[in-house]
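Single-structure report; data block below.
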Amino acid sequence: MLELRLVQGGLLKKVLESIKDLVNDANFDCSATGFSLQAMDSSQVAVVALLLRPEGFERYWCDRNISMGMNLNNMAKMLKCAGNDDIITLKAEDGSDTVTFMFESPTQDKIADFEMKLMDINSERLGFPEADYHAIVRMPSSEFARICKDLSSIGNTVVISVTKEGVRFSTRGDIGTANVVCRQNTAVDKPEEATIIEMNEPVSLTFGLRYMNSLTKATPLSNTVTLSLSSGLPAVVEYRIAEMGYIRFYLAPKIEE
Amino acid sequence: LAQQVQLLIFYGGV
């Protein structure tokens, strides 16, 4: 059986909101490593990988590895019924085809349980090799989201280039072109406001803005985002979930034919 | 024009 009690229930709500538009169905895996998910979008361009480590849960009990197939839209519907400050507990009995979400208000004066049907999902796990990236950019997540949103009103693709000058986001469309350059900036009041650029060699990659905008839905999960880039390889866009884990998106680039 | 490629080109299943 499985029982996971998450005091910061709002976090699970944010996780679902950040992935439900990209992926329809996914297996949530529960093991000693943590509560995890890996799922690909239907166009096979983006993969989302989530890890919530056991330490982040007040109670983390699963007596064997368990995989639970869920429709993410339905799961999001259920989690929307939880308050942002509620404690959320996931429960599943061995062999059951349902999962129960229990929501407790912080003052324990309201307790609700929602039972959701599980589904069988055949999903292949991808192996992501450790890579030495040409450039790694850490910047405020809200700034990255703003840039992606702004550029998508001009064009459909974004070219992300890292040079000694900084990181450049460029697009072009019928009405014109747009360039946004962010320079390294560590002279900030709070560490999360910094832009840090580690460059081993210059890199330039093109991505569909539709996908970039979709993955910026994870912005509420973290103040910062890390972009790991290598020429001709998928980008890794990571939002760290404080002291608990991460949500990572692997996004295939567009390549000149 | 740049063409969108799929992730499976880069990562095999495990």
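Below is a table of values for the structure above.
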item: Any hit, the stretch A:97-116, residues being touching a Gly at 6+ places or on another chain (Cβ under 6 Å), within 20 Å of residue A:35 (Cα to Cα) and buried (at least 16 other Cβ atoms within 10 Å of the Cβ); result: no
item: Single match in A:240, A:183 (criterion: buried (at least 17 other Cβ atoms within 10 Å of the Cβ) and either among the β-branched types (Val, Ile, Thr) or away from chain B (no Cβ under 14 Å) (or both)); result: A:240
item: Residue ID - farthest from residue A:137 (Cα to Cα), chosen from residues in the stretch A:234-257 that are free of Cβ contacts under 8 Å to residues at least 24 places away in the same chain and charged (D, E, K, R); result: A:257
item: From A:211, A:246, residue being buried (at least 21 other Cβ atoms within 10 Å of the Cβ) and hydroxyl-bearing (Ser, Thr, Tyr); result: A:211
item: Filter result for residue A:154 (over 22 Å from the mean Cα position of the chain (by Cα), surrounded by 16 or more Cβ atoms within 10 Å (Cβ to Cβ) and touching a residue at least 24 places away in the same chain (Cβ under 8 Å)); result: yes
item: Residue match in the stretch A:209-225 (condition: more than 20 Å from the chain's Cα centre (by Cα) and farther than 25 Å from residue A:127 by Cα); result: no
item: Residue within the stretch A:187-198 that is among the β-branched types (Val, Ile, Thr), exposed (fewer than 13 other Cβ atoms within 10 Å of the Cβ) and at pLDDT below 95 present; result: yes
item: Any hit, the stretch A:134-155, residues being modelled with pLDDT of 95 or more, in a loop (DSSP other than H, G, I, E, B) and within 16 Å of residue A:235 (Cβ to Cβ); result: yes
item: Residues located in the stretch A:210-233, provided they are at pLDDT 95 or above and over 14 Å from residue A:142 (Cα atoms); result: A:210, A:211, A:228, A:229, A:230
item: Residues (over 16 Å from residue A:175 (Cα atoms) and within 14 Å of another protein chain (Cβ to nearest Cβ)) located in the stretch A:145-161; result: A:159, A:160, A:161
item: Any pair with Cβ under 7 angstrom, 6 or more apart, that starts in the stretch A:198-217 at a residue that is within 14 Å of chain B (Cβ to nearest Cβ) and ends at one that is at pLDDT below 95 and part of a strand (DSSP E or B); result: A:206/B:2; A:208/B:4
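Yes/no per residue for (1) free of Cβ contacts under 8 Å to residues at least 24 places away in the same chain; (2) in a strand (DSSP E or B); (3) among the basic types (Lys, Arg):
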| residue | (1), (2), (3) |
| --- | --- |
| A:4 | no, yes, no |
| A:17 | no, no, no |
| A:28 | no, yes, no |
| A:43 | yes, no, no |
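The values are calculated or read from the model by the stated rules, or taken from the named source; none is laboratory data. Since the structure is predicted, the reported quantities are computational estimates derived from the model, not experimental observations. Virtual Cβ from ideal backbone geometry, glycine too; neighbours counted across all protein chains shown.
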